[in-house]
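Colleague: Below is a structure I'd like to ask you about.
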Amino acid sequence: MAKIHAQITEELAAFIAAQPLFFVASAPLDAAGHVNLSPKGHDCLRVLNPHRVAYLDLTGSGNETSAHLAENGRVTLMFCAFSGPPSILRLYGQGRTVIAGDPAWAGLRPLFPDHPGARQIISVDVTRVQTACGFAVPLMEFAGQRDTLLNWAENRGEDKLREYRAEKNLSSIDGLPTRLASEF
């Protein structure tokens, strides 16, 4: 039932744009390390071309993806149809973290909403595009995005967010440095 595609087609890009939620998975090279899986929302992903996507990453309690990308670059994004026809889309690739000051930042940042707490952009060169049936994915109704994270970031302000990132976002739970570590 799985199908490999040569690239992100216009139909697949439309499917991506219609999903209010996607998941990001990454892992360290050390088999004893922790595999990370994070949900993402808030209209933060863009298809840049048939072989490249990027998403705006907001400040959170950890920064595993950035650490794993700095170590090995491996990342998978998964989109599930929770409404409409069943479908799953996985984008496998090599990613990198783009932070403010990086030459790529100026070209990527304007593509995303001006969310408070934006800490980095994850750019992914897609090496495999795979769809699957999604028959086991439940049907669910989308009620809206939660505003809790955005309100938290806005209430903290940029200075307090920088302090928070310096305390919580400079290394993974396995001790790998993140790209943000180069800021401090």
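Colleague: Just to confirm the number: angle between the C-alpha axis of helix 148-168 and the first principal axis of the chain, 0 to 90 degrees, nearest 10?
Modeller: Between helix and principal axis, roughly 50 degrees.
Colleague: Which of these, 44, 133, 80, has the largest mean-square fluctuation under a Gaussian network model of the chain (Cα springs below 10 Å)?
Modeller: Of 44, 133, 80, the most mobile in the Gaussian network model is 133.
Colleague: Additional query: Among 26, 83, 66, which one moves the most in a GNM of the chain with springs linking Cα atoms closer than 10 Å?
Modeller: Looking only at 26, 83, 66, the largest GNM fluctuation is found for 83.
Colleague: With the chain treated as a Gaussian network of Cα nodes joined by springs under 10 Å, which of 103, 28, 86 yields the largest mean-square fluctuation?
Modeller: Of 103, 28, 86, the most mobile in the Gaussian network model is 103.
Colleague: Cα extents of the range 7-70 along the three principal axes, largest first, in whole Å?
Modeller: Cα extents, longest axis first: 39, 24, 15 Å.
Colleague: Binning at 10 Å from 0, report for the range 101-184 what percent of all alpha-carbon pair distances ends up in each bin.
Modeller: 12, 30, 34, 21, 3
Colleague: Kirkwood hydrodynamic radius, computed over distinct alpha-carbon pairs, for the range 1-141: how many Å, to one decimal?
Modeller: 15.6
Colleague: At a 10 Å Cβ-Cβ cut-off, how would you order 9, 65, 97, 148, fewest neighbours first?
Modeller: 148, 9, 97, 65
Colleague: To the nearest 500 deg cm²/dmol, what mean residue ellipticity at 222 nm is calculated for the chain from DSSP H runs of n ≥ 4 alone, each contributing -39,500 (n - 2.57), summed and divided by the residues?
Modeller: Taken over the chain, the calculation gives -7000 deg cm²/dmol.
Colleague: Among 68, 58, 115, whose Cα sits farthest toward the positive end of the charge dipole of the chain (+1 at Cβ of Lys/Arg, -1 at Cβ of Asp/Glu, about the Cα centre)?
Modeller: The one lying farthest along the dipole's positive direction is 68.
Colleague: Further, regarding this structure: Gain in length, residue 7 to residue 92, computed as 0.36 nm per residue apart minus the alpha-carbon separation, to one decimal in nm?
Modeller: Length difference between fully extended and current span is 29.5 nm.
Colleague: Testing the spin-label approximation: label points 7 Å from Cα along Cα→Cβ at residue 140 and residue 111. State their distance in nm.
Modeller: With each label placed 7 Å out from Cα toward Cβ, I get 2.6 nm.
Colleague: Turning to a different aspect of this structure: With point charges of +1 on the Cβ of Lys and Arg and -1 on the Cβ of Asp and Glu, referenced to the Cα centre of the range 89-165, which listed residue (99, 143, 126) lies farthest in the positive direction of the dipole?
Modeller: Of the candidates, 126 comes out farthest on the positive side.
Each reported figure results from applying straightforward, stated rules to the coordinates on display, with no laboratory input. Bear in mind that the values here come from a model prediction, so they are computed numbers and not experimental data. Backbone-built Cβ (ideal geometry, glycine too); neighbour counts: all protein chains shown.
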